[in-house]
Amino acid sequence: MSSPSPERLRCWRLYFQSALALTDVLDAELEHQAGLPLRWYDVLVQLEDSPQGIPMTELAGRILHSKSGFTRLVDRMEQAGLVRRVRPDHDRRSILIVLTDQGTATMQHARQYHRDGIERHFSQHLTDNEIKTLTRALEKVSTHARPLRPGRIRG
């Protein structure tokens with residue numbers, strides 16, 4: 001078995017601590033300022049560019065959070081009027097999740113707070129060059145890690 005060098009281990013720890021802390025902070029702020037949990041916002045953003053809807057299993061694989069409890073999450077979002085389930089005429093076995101007008105308005109309202117939080121807690125602490133370097137590095141890690149996530153629905 002291999003082990004990262006001390007500098008690589010330090011980098012990992014800083015990344016991990018920062019990612020968890022930022023997720024917690026952004027979730028709490030979004031809930032307080034816009035009345036929307038980050039997990040719900042993630043679902044709305046995924047649906048934004050698909051007006052025809054996204055199959056439930058595909059949507060579960062796209063979101064950043066675990067698929068555990070995803071059906072209940074969609075149930076609650078549907079009860080809140082943010083999304084609706086649609087059975088396509090051509091495939092009655094599928095269920096599409098579609099963004100409602102209320103869901104669009106809620107997402108747009110929440111977006112301003114979310115992006116402000118990203119700027120205050122992340123972006124403003126890095127130079128433009130650091131953002132470019134970090135983006136390139138995280139693209140490599142994401143390309144490797146996202147398909148390996150346990151508890152995900154793979155397409």
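The values are calculated or read from the model by the stated rules, or taken from the named source; none is laboratory data. The structure displayed is predicted, hence computed values, not measured ones. Cβ coordinates were reconstructed from backbone atoms using ideal geometry, including for glycine residues, and neighbour counts include every protein chain displayed. All accessible areas refer to the heavy atoms of the entire protein, side chains included, with ligands and DNA or RNA removed. Shrake-Rupley method; radii C 1.70, N 1.55, O 1.52, S 1.80 Å.
Considering (1) in contact with a Phe, Trp or Tyr (Cβ under 6 Å, 6 or more places away or on another chain); (2) open to solvent by less than 20 Å² (accessible area, probe 1.4 Å); (3) within 17 Å of Ile118 (Cβ to Cβ), say which one Leu36 fails and leave the rest.
Result: Leu36 passes all but (1).
Would you confirm whether or not segment 60-69 contains a residue that is open to solvent by less than 60 Å² (accessible area, probe 1.4 Å), touching a helix residue (DSSP H, G or I) at 6+ places or on another chain (Cβ under 8 Å) and farther than 24 Å from Ala145 by Cβ?
no
Among the residues of segment 105-117, are any touching a strand residue (DSSP E or B) at 6+ places or on another chain (Cβ under 8 Å) and either under 23 Å from Trp40 (Cβ atoms) or small (Gly, Ala, Ser) (or both)?
Checked segment 105-117: at least one residue is touching a strand residue (DSSP E or B) at 6+ places or on another chain (Cβ under 8 Å) and either under 23 Å from Trp40 (Cβ atoms) or small (Gly, Ala, Ser) (or both).
Among the residues of segment 70-85, how many are open to solvent by less than 40 Å² (accessible area, probe 1.4 Å) and either of a type in the set (Val, Ile, Thr) or touching a strand residue (DSSP E or B) at 6+ places or on another chain (Cβ under 6 Å) (or both)?
Here the count works out to 3.
Of Thr100, Thr104, Thr135, which residue is within 30 Å of Phe16 (Cα to Cα) and among the polar types (S, T, N, Q)?
Details: Thr100 fails: within 30 Å of Phe16 (Cα to Cα); Thr104 fails: within 30 Å of Phe16 (Cα to Cα).
Checking each option against the conditions leaves just Thr135.
Yes or no: His90 loosely packed, with under 13 Cβ neighbours inside 10 Å and in a loop (DSSP other than H, G, I, E, B)?
yes
Exactly one of these conditions fails for Glu78: (1) within 14 Å of Leu96 (Cα to Cα); (2) at pLDDT 95 or above; (3) outside any helix (DSSP H, G or I). Give me its number.
The single condition Glu78 does not satisfy is (3).
Evaluate the following for Arg120: is it without any contact (Cβ under 8 Å) to a residue 40 or more places away in the chain, closer than 18 Å to Arg39 by Cβ, assigned to a helix (DSSP H, G or I) and open to solvent by 50 Å² or more (accessible area, probe 1.4 Å)? Give the derivation first.
Details: without any contact (Cβ under 8 Å) to a residue 40 or more places away in the chain: yes; closer than 18 Å to Arg39 by Cβ: no; assigned to a helix (DSSP H, G or I): yes; open to solvent by 50 Å² or more (accessible area, probe 1.4 Å): yes.
The answer is no for Arg120.
For segment 20-60, how many residues are free of Cβ contacts under 8 Å to residues at least 60 places away in the same chain, among the hydroxyl-bearing types (Ser, Thr, Tyr) and assigned to a helix (DSSP H, G or I)?
1
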